[in-house]
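Novice: The structure is given below, and queries will be raised subsequently.
The values are calculated or read from the model by the stated rules, or taken from the named source; none is laboratory data. From a predicted model like this one, the values you see are computed outputs, not experimental measurements. So basically every Cβ, Gly included, is an ideal-geometry build from the backbone, and we count neighbours across all protein chains shown. Heavy atoms of the whole protein, side chains included, go into the accessibility calculation; ligands, DNA and RNA do not. Shrake-Rupley method; radii C 1.70, N 1.55, O 1.52, S 1.80 Å.
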Amino acid sequence: MPRPLAVTAVLAFALAPRPAVAQGAAGDYLTRYHELVDVAPTNQVIAVHHLVLTRDAGELTLESGSLYPLAAVGGHTAGAVFRGAGRFVLKPALPTEQVELRRYAGDTVLDDSVSEAVLIFADTTGDQLAALSASAGPVPDDVAGVARDALKTLAGKNEGSFDWGVMWTFLNGDRTGLFVARLKLVKHGDALFEIDPSSTESVELFKPAHRTEFGVHWSLVTQFPARGAVATTEQPPRLDVPHYVLDANLKETFTADLDLSATAALSLRADTAVGPWLPFELQYKILVDSGHWQDGTPVRTFKAKDSGLLWVRAPRRLAAGDSLTLTLSYHANHPDLIDRSSEWFFIEPGVAWYPENLLGSGNATFDVTYHTPHQYTFASVGQRTDSTLTGKVVTTHWVIDRPTPWATFNLGIFENHHVDDPDRTLDVMLSEEAHRAIADEVRSLGFYLPQQSHMVENVSADVSNSLRFYSALFGPPPMRHFYVTEIPYGEGVSFQGFIDLSASTFHFSELDGFDEWFRAHEVAHQWWGNGVQPATYRDQWLGEGFASFSALWYLAAERRHSDEYFKFLDQYRDDIKGEANDVGPIWVGYRSSTFAVPQGAQTMVYEKGAWILHMLRIMMLDVKTMNEDRFTATLKDYYQTYAGRTVTTGDFAGVVERHAGIPMDWFFDEWVKGTTIPTYHVAWTNQPGDNGNTVIKFRITQEHVGPDFEMPVLIAADLGDNRIAHFRLMVKGTKTDYVSPPLPAGAKKVTFNDLHSTLCDVKMESW
Ligand SMILES: [Zn+2]
C-alpha cells in the first residue's frame, strides 16, 4: 500500500541521503534482458522436503523433489526450477474474487497438486533457498528449456519486449517482492501465480490465454491487493509527471497521410525512491530519435520493435522528492499512425502520442505547440492562445492548465460551426463533403444510405441541450468551451472540453433514440470521467454507467416521455440476464470482458451501471408526490464534492447514504459486487381490512439469489376511477408475506415492480 504521498515525499527528501545507482541496476537494457530470458541452470541441485513458500494468499508447498537454482540475474539468484510432488493453494480474501476463482477452479479456493514449478523472484525466496544445502548436479538436460519456456510466456515477439512489471524489477536490481511461479497443476494444467509489485492489486493468478488471443500468453483469473482492502488509486504513486511541454509537427506525405515528429519535455518528480529505469507508454510505431536531461546529458532509452513500452534510464536512482526534466525527440512515419481517409484522418483518440507515465496517475498540465498543414482545420484539448501562418504551415499554441490524463487533437477538411450560448460555446467540426462522398459511393453500388439533412444542427442540438440539462442537474461542468469533432470510427471519446463523435452519428440519427443517447453519453463524460475520475478499474462504472444513465435521462427529457428510457433499460436487462452466469460483477471492471464474452464489460459497466442509478432514483422517489429532489440532490452533491478529484465506489456510496439516511452497503454489495438477479413469483389478493378499507395481500417467492438478498420493490395498485396507489414492498429471503397499507378500494390491477424499480424477473401467479 502506498503511503500518503505528501508525507512520504517531504520526509524522505529531508532524511534520505541521495542513493547512487541501485545495486545491480542494469547499465544496458538488452544485456539485462538477455541475462533474464536466456537464464540457464547452475550445476547445483537442492533436494527439498516440505519447503513452504507462502506468498500472501498463495501457498506453494514443495513436498518432495529437486530444485534447480538458475544463474544470477544482476548479481542475485533470481530463479529456480522445481520437479517433484507439491501442492498449491490460493485463498482470495475478497468475496468477489472468490467468485471469480470459482469460475475457473470450481471452488472459492484453488487447491491442486503441482508436478513442476518455474520460480522467478526478487523477494525472500533467494534467502530461503540459500538456507538449504545444495550439492553439485546432475541437472537434467531439459531443465534449461523448461525455464526458458516459462520466461518466453512473459515476453513479446520482438527482442527486448517483456512484461514490464517483471522487467522493471530486474532492470533496477531491486528487491521489490516480485514472485512469479509458472505451475504445472495436476487438475488445472498450466497456471501462473504472481506477486507483481508494479500493480496496486499485486496478487494475480493467470490461466493460459485462448490460442487466438494473439501475442498474449496469459489471461487473468483473479487479482486482488496484498493483505488489505482494495486500493483507492490505480497505481501506487512512484513517479509524477505534473507537466508536459510538447511541440508536434504534423507533416503531409505525398499520399496525403501525415507524419508526426515531436519533442516532449517532461517534468518528472519522484514520489518514492525509483529507477533508474522508468517505464512509459508510447505508441508502438513511434521511434525515439534522441533525448537529454536538463543538464544536457544524453538520455539512454530502449523501445522494442512494435512495442508500446518505452524505457528511459535516469542518470541515477531517484530519491523521493527528486525533480528532473526529460526531453525526448521522436517520430512516426505513416502508415499506421495518422492515415487519411476521405476528408478525415484516422487519429486513434486514446493513442499515446507522447510518453505517458506508467508509474503514477497520469494527470498533468500541458503546453502544446502544433505545426499543421494550413488546409486542415485543427483543434486540440486546451485553450488556444495564439495562431500564426508561415508559408503553408499553421502554428498554434495550446494551454491545458487543469490537470487531465489526456491531451489529444483532431484535424481534417472540416467546416467549423460555431454555436454561441450564454453559458457555453461549441465549435462543431465536420466534413459535409466526406458525407456526400460516402452517400454517392454507396449509391453507385446500387444501395441507399439515408443521410440526415441537418447534420450539424441535429448533433449540435443534442450536445448543447444535454450540456444545459446536465448543468442544471449536477452543476456547471469544468469547461465553458467545447470542441465537438467527428472521427472516422464507430465510437465516441470525451476529453476535457473536447468531444470526439463517430462520423456515423453526424450522418444519420437512429429513430429509436440511440444517437441522442450516444451524443449525450459522451457529453455526460464531461461530468463523469473528466469532472470526477474513477480511481481504479473497479470504479469504471462511475464513469461509463453514470454517462449511460445520464444519457437515458436526457433522452426522456428531450422526447418528453419515458418510452425509450424504459425500452433501453429492458434491452439492458436482457443483456445482463443473458450474461449473468458467464461474467464477473461490475466490481471487476474491464475484466468482465473475456474471450468467451467479449462484450461482458460493456454489459456490466455501462448497462448494469446505468441500472444501478435508475434503481437508486426509484428508491429515492417520493411515491406520494413523485418528487425526485432527493435523488437529484444526491448526484449534485456527489459531483460538487468530488469535481476535479478521483472517486471510488465507496465515495459514491457514502454520498448516497447521507441522502438516503440509511446504510446502503447491502445495495452496493448486491448490485456492484454481486452478479445475481432475483426472480419474483408473485401472487396477490384483495382482502377486507378494518373500517371498511381494503388491503392487498401478497405472497412472494424469491429465486436465483442468496438467502439475504433484499430489495424494496415498487407496487402500483390500480383502484379504479383513476386512482393509483403506490407503495414499496421489501422482498427478502425465499418467502415474503406482505399486507398493503389500508386502501379505499380493492385493486383491479397490480403492477409489481412499477417503474422498473428493481432489476429482476417477475412471474405473476394466481393466489
Ligand atoms: Zn463512455
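Novice: From the list Arg148, Arg102, which one is without any contact (Cβ under 8 Å) to a residue 24 or more places away in the chain and either part of a strand (DSSP E or B) or open to solvent by 50 Å² or more (accessible area, probe 1.4 Å) (or both)?
Specialist: Every option except Arg102 fails the conditions.
Novice: Of the conditions (1) surrounded by fewer than 22 Cβ atoms within 10 Å (Cβ to Cβ); (2) touching a Pro at 6+ places or on another chain (Cβ under 8 Å); (3) over 18 Å from Ser380 (Cα atoms), Lys251 clears all except one; give me its number.
Specialist: Failed condition: (3).
Novice: Can you tell me which residue among Ala716, Ala745, Ala725 is touching a residue at least 24 places away in the same chain (Cβ under 8 Å), out of contact with any helix residue (DSSP H, G or I) (no Cβ under 9 Å at 6 or more places or on another chain) and open to solvent by less than 60 Å² (accessible area, probe 1.4 Å)?
Specialist: Ala745
Novice: Inside the range 404-443, can you point out the residues that are open to solvent by 70 Å² or more (accessible area, probe 1.4 Å) and either in a strand (DSSP E or B) or among the aromatic types (Phe, Trp, Tyr) (or both)?
Specialist: Listed by number, the residues that qualify are Trp406, Asn416, His418, Asp420.
Novice: Now for a different question. Does the range 514-523 contain any residue that is of a type in the set (Gly, Ala, Ser), in the same structural domain as His435 (by TED's automatic domain parsing) and not in a helix (DSSP H, G or I)?
Specialist: Scanning the range 514-523 turns up no residue that is of a type in the set (Gly, Ala, Ser), in the same structural domain as His435 (by TED's automatic domain parsing) and not in a helix (DSSP H, G or I).
Novice: Does the range 164-177 contain at least one residue that is open to solvent by 20 Å² or more (accessible area, probe 1.4 Å), among the aliphatic types (A, V, I, L, M) and in the same structural domain as Thr31 (by TED's automatic domain parsing)?
Specialist: no
Novice: While we're on this one: In the range 534-545, which residues are within 12 Å of the ligand (Cβ to nearest atom) and either more than 14 Å from the chain's Cα centre (by Cα) or open to solvent by 10 Å² or more (accessible area, probe 1.4 Å) (or both)?
Specialist: Pro534, Gln540, Glu544
Novice: What are the residues in the range 604-627 that are under 20 Å from Ala716 (Cβ atoms) and either in contact (Cβ under 8 Å) with a residue 24 or more places away in the chain or buried (at least 23 other Cβ atoms within 10 Å of the Cβ) (or both), if any?
Specialist: Scanning the range 604-627 gives Trp611, His614, Met615, Leu616, Ile618, Met619, Met620, Leu621, Val623, Lys624.
Novice: Which ones in the range 501-530 are open to solvent by 10 Å² or more (accessible area, probe 1.4 Å), within 17 Å of His561 (Cα to Cα) and not charged (D, E, K, R)?
Specialist: Result: Leu511, Phe514, Trp517.
Novice: Ala601 is checked against (1) more than 16 Å from the ligand (Cβ to nearest atom); (2) touching a helix residue (DSSP H, G or I) at 6+ places or on another chain (Cβ under 7 Å); (3) open to solvent by 10 Å² or more (accessible area, probe 1.4 Å) and fails just one. What number does that condition carry?
Specialist: (1)
Novice: Are any of the residues in the range 491-505 assigned to a loop (DSSP other than H, G, I, E, B) and away from the ligand (no atom under 15 Å from the Cβ)?
Specialist: Checked the range 491-505: at least one residue is assigned to a loop (DSSP other than H, G, I, E, B) and away from the ligand (no atom under 15 Å from the Cβ).
Novice: If we keep just the residues of the range 658-691 that are in a helix (DSSP H, G or I) and open to solvent by 70 Å² or more (accessible area, probe 1.4 Å), which is nearest to Tyr537 (Cα to Cα)?
Specialist: Selected residue: Asp669.
Novice: If you scan the range 474-490, which residues turn out to be aliphatic (A, V, I, L, M), within 16 Å of Gln526 (Cβ to Cβ) and open to solvent by less than 30 Å² (accessible area, probe 1.4 Å)?
Specialist: If the condition is that a residue be aliphatic (A, V, I, L, M), within 16 Å of Gln526 (Cβ to Cβ) and open to solvent by less than 30 Å² (accessible area, probe 1.4 Å), then Val484 is the only one that fits.
Novice: Taking Ala556 as the residue in question, decide whether it is among the hydrophobic types (A, V, I, L, M, F, W, C), more than 28 Å from Phe414 (Cβ to Cβ) and either more than 24 Å from the chain's Cα centre (by Cα) or away from the ligand (no atom under 15 Å from the Cβ) (or both).
Specialist: yes
Novice: Output the residues belonging to the range 521-533 that are within 11 Å of the ligand (Cβ to nearest atom) and in contact with a helix residue (DSSP H, G or I) (Cβ under 7 Å, 6 or more places away or on another chain).
Specialist: His521, Val523, Ala524, His525, Trp528, Gly529
Novice: Okay, next question. Pairs needed: first member in the range 410-422, free of Cβ contacts under 8 Å to residues at least 24 places away in the same chain; second member anywhere, in a strand (DSSP E or B) and open to solvent by less than 50 Å² (accessible area, probe 1.4 Å); C-beta distance under 6 Å; at least 6 residues apart or different chains.
Specialist: His418/Asp427
Novice: Sticking with this one: How about the range 457-485: which of its residues are within 17 Å of Arg519 (Cβ to Cβ) and without any contact (Cβ under 8 Å) to a residue 40 or more places away in the chain?
Specialist: Glu457, Ala461
Novice: Return the residues of the range 110-145 that are free of Cβ contacts under 8 Å to residues at least 12 places away in the same chain, small (Gly, Ala, Ser) and not in a loop (DSSP other than H, G, I, E, B); say none if nothing qualifies.
Specialist: Gly145
Novice: Looking at (1) open to solvent by 50 Å² or more (accessible area, probe 1.4 Å); (2) assigned to a helix (DSSP H, G or I); (3) over 23 Å from Trp666 (Cβ atoms), find the lone condition where Arg630 falls short.
Specialist: Condition not satisfied by Arg630: (3).
Novice: Moving to a separate point now. Is there a residue being more than 26 Å from Val532 (Cα to Cα), under 33 Å from the mean Cα position of the chain (by Cα) and surrounded by fewer than 19 Cβ atoms within 10 Å (Cβ to Cβ) anywhere in the range 368-375?
Specialist: The answer is yes, given that some residue of the range 368-375 is more than 26 Å from Val532 (Cα to Cα), under 33 Å from the mean Cα position of the chain (by Cα) and surrounded by fewer than 19 Cβ atoms within 10 Å (Cβ to Cβ).
Novice: Considering only residues that are surrounded by 19 or more Cβ atoms within 10 Å (Cβ to Cβ) and more than 25 Å from the chain's Cα centre (by Cα), look in the range 84-99 and name the one that is farthest from Trp671 (Cα to Cα).
Specialist: Top of the filtered list is Gly86.
Novice: If you check Gly475 against the conditions, is it more than 16 Å from the ligand (Cβ to nearest atom), of a type in the set (Gly, Ala, Ser), in contact with a helix residue (DSSP H, G or I) (Cβ under 8 Å, 6 or more places away or on another chain) and closer than 17 Å to Ser550 by Cβ?
Specialist: Yes; evaluated as a whole, the condition is true for this residue.
Novice: Condition (residue is in contact with a helix residue (DSSP H, G or I) (Cβ under 7 Å, 6 or more places away or on another chain) and either more than 17 Å from Ala364 (Cα to Cα) or not assigned by TED's automatic domain parsing to the domain that holds Arg32 (or both)) applied to the range 252-262: is it met by at least one residue?
Specialist: So far as the range 252-262 goes, no, none of its residues is in contact with a helix residue (DSSP H, G or I) (Cβ under 7 Å, 6 or more places away or on another chain) and either more than 17 Å from Ala364 (Cα to Cα) or not assigned by TED's automatic domain parsing to the domain that holds Arg32 (or both).
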